[in-house]
Amino acid sequence: MNGPTLHRGSRSTGGTATAPLRHPGSLLRDLDLDRSAALSLVERARTLRAAKQTRSEVPLLAGRTIALLFERASTGIRVAFEVAAHDQGAHVTYLGPERARLGTRESVQDSARALGRIFDGIAFHGHDHGAAEQLADSAGVPVWNGRSDLWQPVQVLADVLTMTTVAPDVPVGSITVCHVGDGRRSVARSLLVTGALLGMDVRIAAPEGLEPPDDVLAEARGLAAASGARLTVTTDPRTAVRGADFVYGHGWVDLGESTQVWALRLPRLLPYRVTDELLDLSGKPGTAFMHALPAVHGTDSALGRRVHEELDLDGAEVSPSVFADRSLVFEQVANRMHVTKAVLLAGLAG
């Protein structure tokens, strides 16, 4: 099966022999895909999911090696790459936060050139999206962005697979999804751009000053002009969710942050908390909650207990009842692995 070429614009950092062209199998941003490539990845993931369920999967990556370069820990993204690679016969080497210190003892370019001569592909999970770009420009092998501070393309492709699985008879361009909360975050950016690419109705409800950046909005609007997508950015979550098929939340707090940071951030975000009342405003009984995880939805985690003790909240970005009864989060987790597998295959096997 011939897969899509993932990256639309290969380039290099210079004209020397030590700066190879970016591999066309790289995927760093949603903007690296055209509509056909995005839909091909989703459909290939759907086929791979069925093959895994029937134990009929054919491994196509035997003998391939993949580096998991993780500047920050993430159980979900790590296991998605590990299981996807294992199912397809590839081997992985995990380089966690204690080793993946890009640009410290050696330059990002030197790390990329070294890894590119040992591994067939590199999965990146880190803070600085610029580091992912430098990796891809210098490695000479596919580089896949599991998550950076700016983009999360694999996650949102998995979300498209989830949404089209839940609503199989609804054309992708007829789906309405609303992201509530900080619109600058990687998932919000990726959802806006991929939704625009696929012709969806995408709403971003965010506090003033936390809207998606102007450059991302401009890219999304350009894609929407071609696809017929409907894009809305508003500060009013109650209006934004009307008619939505899916309402998407994102994490508000981190265990390593101070209570003072929380006290400044949370008052702005509280009106965007996903509750049963907010979901009901969609006017659709089947409106479902989505989240890339981890989510604070009660007091059954150390982070949730701290939120409850210090801020008197039972859950943060989502209420316990919504998370328990009206969410698709674990379907998203499973589908992220299948999409990851499709991305690996497109980059390494064609």
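Just so you know, all these numbers are worked out from the coordinates, no wet-lab data involved. Small disclaimer: the values here were computed from a predicted structure and weren't measured. Reconstructed Cβ throughout: ideal geometry from the backbone, glycine too, with neighbour counts over all protein chains shown.
Odds and ends about this structure:
- DSSP beta bridges fully contained in the chain are about 0 percent antiparallel.
- Placing R0 at 35 angstrom, the Cβ-Cβ distance between VAL166 and ILE118 gives a FRET efficiency of 0.30 after rounding to 0.05.
- For the chain, the 222 nm mean residue ellipticity estimated from helices alone, with every DSSP H stretch of n ≥ 4 adding -39500 (n - 2.57) and the total spread over all residues, rounds to -13000 deg cm²/dmol.
- P(r) for the chain, from all Cα pairs and a bin width of 20 Å, is 31, 58, 11 %, short bins first.
- The calculated Kirkwood hydrodynamic radius for region 289-350 is 13.3 Å, given to one decimal from all distinct C-alpha pairs.
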